[in-house]
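Following: one structure in structure tokens, then a few remarks.
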Amino acid sequence: MARDSPVCCIVPEYLLRGIAESSANSDDHRQCARESLAYHRTYCSARKERFAALTLPRGSQQHPHNAARQSIVPEQMLRHIAEADDVDDETKSRARAQLEDLQKAIGSYKAQQGIAGDQSQKTLASAARKTQPDDGGHFWRAVYDAQHSSSEARLPGKVIRIEGQGPSKDKAVNEAFDNVGKVLDFYLTIFKWRSIDNNNMHVLSSVHFAKNYENAFWDPQKMQMVFGDGGQMLYNFTKCIDVIGHEMTHAVTEHTSPLDYEGQSGALNEHVSDVFGIMVKQKVEDETAEKADWLIGEGCLLPDIKGVALRSMKAPGTAYDDPRMGKDPQPDNFSGYYQTEEDEGGVHIFSGIPNKAFYLASVAFGGYSWEKAGQVWWKALNSGRIPAKCTFLQFADVTVDVAEELYQEEGAKIVRDAWNEVGVVRKGH
């Protein structure tokens with residue numbers, strides 16, 4: 001497994017550790033959990049480094065978004081689309097045009113290898129961006145089979161289904177393809193955000209990663225989603241749209257308000273992913289804030305597990321309680337916050353505090369969560385007022401200010417009351 005992959009997994013460290021250490025589990029399953037835990041630790045450490053790099057000036061060569069590889073659509077994907085017999089003519093035509101542009105970009109880059117390295121990288125990045133979809137919103141999906149390899153270097157794997165093709169015989173491929181599309185459509189229709197980067201980036205996914213891998217993650221090193229098949233307790237990652245929405249939102253956060261992946265800012269990073277993941281789920285299920293269950297990863301627990309989901313935004317700390325997994329450790333109030341070295345300073349543990357604030361604000365606004373509360377959180381993320389090392393109180397203040405801008409004093413009071421109820425209180429309130 002590569003050691004420089006900045007990834008966040010949907011299943012948190014403390015849950016994997018609970019499975020790995022519980023004597024109620026078989027030796028084989030404990031070993032699988034230990035392996036998943038090792039992946040998780042590696043990825044979270046690298047994610048921390050990535051978000052720290054994202055706070056550098058945009059012109060810096062060390063800034064992740066200046067890497068030319070992120071602008072380049074995989075050549076094999078375009079070639080496959082252009083040559084596949086069962087892809088519609090319009091999609092094939094666009095793929096052929098983009099493949100020609102990409103090959104010209106690579107040729108130009110190679111021709112300039114003799115000039116200054118940074119300049120040649122800029123030339124490649126600039127030319128390669130032209131291979132991105134047009135402003136009409138044409139971003140494409142492709143799903144690959146990782147063939148149970150645990151090597152990140154071998155991702156994405158064997159291409160199975162691409163834009164313009166009909167369903168595959170592989171259920172996981174179709175679920176990933178369809179649900180990634182629903183997440184992209186949600187961002188486009190609700191927030192006018194085009195794909196992940198607001199520049200119509202194509203989105204790749206790989207299913208069947210490793211063996212009995214009980215997790216799913218967004219890998220920005222490869223710029224794609226990765227899904228395990230699950231094991232004896234956790235599964236259904238391709239089927240749970242809130243899981244996919246959560247992981248893809250980590251990539252969106254990189255392009256809006258990068259939050260350091262540690263402590264309170266890291267918990268806010270996780271919180272933002274839960275917020276947009278739950279909104280996608282509620283949109284697909286056509287549920288109002290009041291009627292929704294507010295469960296993240298509701299379909300990820302196998303039926304015999306004593307629990308309902310990976311997390312509850314409505315009632316943090318109540319999602320599961322099973323001797324094979326442990327008990328949900330999330331507090332629902334800032335009074336339960338404490339300093340810890342576990343979980344990158346508790347990024348998954350303490351995200352429940354702002355999660356409940358968003359739930360409370362959504363219910364108080366009424367209607368659908370994305371109509372008002374979601375608009376407040378989205379505008380806050382794009383406001384330029386969220387610092388990299390943001391605290392809960394700083395984030396709360398920005399959301400209150402944005403709520404006042406959008407919905408006057410009444411809106412500001414709703415959001416402030418929600419934060420106050422979870423113990424994130426400004427003096428004088």
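The values are calculated or read from the model by the stated rules, or taken from the named source; none is laboratory data. Just so it is clear, the structure is predicted and the values come from calculations on it, not from any experiment. Heads up, the Cβs are rebuilt from the backbone with ideal geometry, glycines too, and the neighbour counts pull from every protein chain shown.
The set of residues in the range 340-360 that are surrounded by fewer than 24 Cβ atoms within 10 Å (Cβ to Cβ) and polar (S, T, N, Q) contains only THR340.
Collect the residues in the range 219-252 that are among the hydroxyl-bearing types (Ser, Thr, Tyr) and surrounded by fewer than 23 Cβ atoms within 10 Å (Cβ to Cβ), keeping them in residue-number order. Selection gives TYR235 alone. Scanning the range 155-167 for residues that are charged (D, E, K, R) and surrounded by 14 or more Cβ atoms within 10 Å (Cβ to Cβ) returns ARG161, GLU163. Residue check: TRP193 meets all listed conditions (1) assigned to a helix (DSSP H, G or I); (2) out of contact with any strand residue (DSSP E or B) (no Cβ under 6 Å at 6 or more places or on another chain); (3) in the same structural domain as GLU13 (by TED's automatic domain parsing) but one, namely (1). Among the residues of the range 185-204, those identified as closer than 28 Å to GLN375 by Cβ and buried (at least 21 other Cβ atoms within 10 Å of the Cβ) are PHE186, TYR187, SER195, ILE196, MET201, HIS202, VAL203.
Per this entry, ASP321 is counted among residues that are surrounded by fewer than 20 Cβ atoms within 10 Å (Cβ to Cβ) and touching a Lys or Arg at 6+ places or on another chain (Cβ under 7 Å). Which residue, of GLY336, GLY326, GLY299, GLY346, is modelled with pLDDT of 95 or more and either small (Gly, Ala, Ser) or at positive phi (or both)? Result: GLY336 is the single residue among GLY336, GLY326, GLY299, GLY346 that is modelled with pLDDT of 95 or more and either small (Gly, Ala, Ser) or at positive phi (or both). Kindly establish whether ALA373 is more than 23 Å from ILE296 (Cβ to Cβ), of a type in the set (A, V, I, L, M) and in contact (Cβ under 8 Å) with a residue 60 or more places away in the chain. So ALA373 fails the test. The selection criterion, being assigned to a helix (DSSP H, G or I), at pLDDT 75 or above and under 19 Å from the mean Cα position of the chain (by Cα), holds for LEU15. Within the range 237-255, is even one residue charged (D, E, K, R), farther than 23 Å from VAL398 by Cα, without any contact (Cβ under 8 Å) to a residue 40 or more places away in the chain and in a loop (DSSP other than H, G, I, E, B)? Looking through the range 237-255, none of the residues is charged (D, E, K, R), farther than 23 Å from VAL398 by Cα, without any contact (Cβ under 8 Å) to a residue 40 or more places away in the chain and in a loop (DSSP other than H, G, I, E, B). Would the range 174-189 turn up any residue that is farther than 16 Å from ILE244 by Cα and basic (Lys, Arg)? Scanning the range 174-189, I find no residue that is farther than 16 Å from ILE244 by Cα and basic (Lys, Arg), so the answer is no. Just so you know, in the range 308-320 the residues that are at pLDDT 95 or above and of a type outside the set (A, V, I, L, M) include one that is farthest from TYR14 (Cα to Cα), and it is LYS314.
Candidates in the range 203-227 are the residues that are part of a loop (DSSP other than H, G, I, E, B) and under 15 Å from the mean Cα position of the chain (by Cα); of these, the one that is modelled with the highest pLDDT is ASN215.
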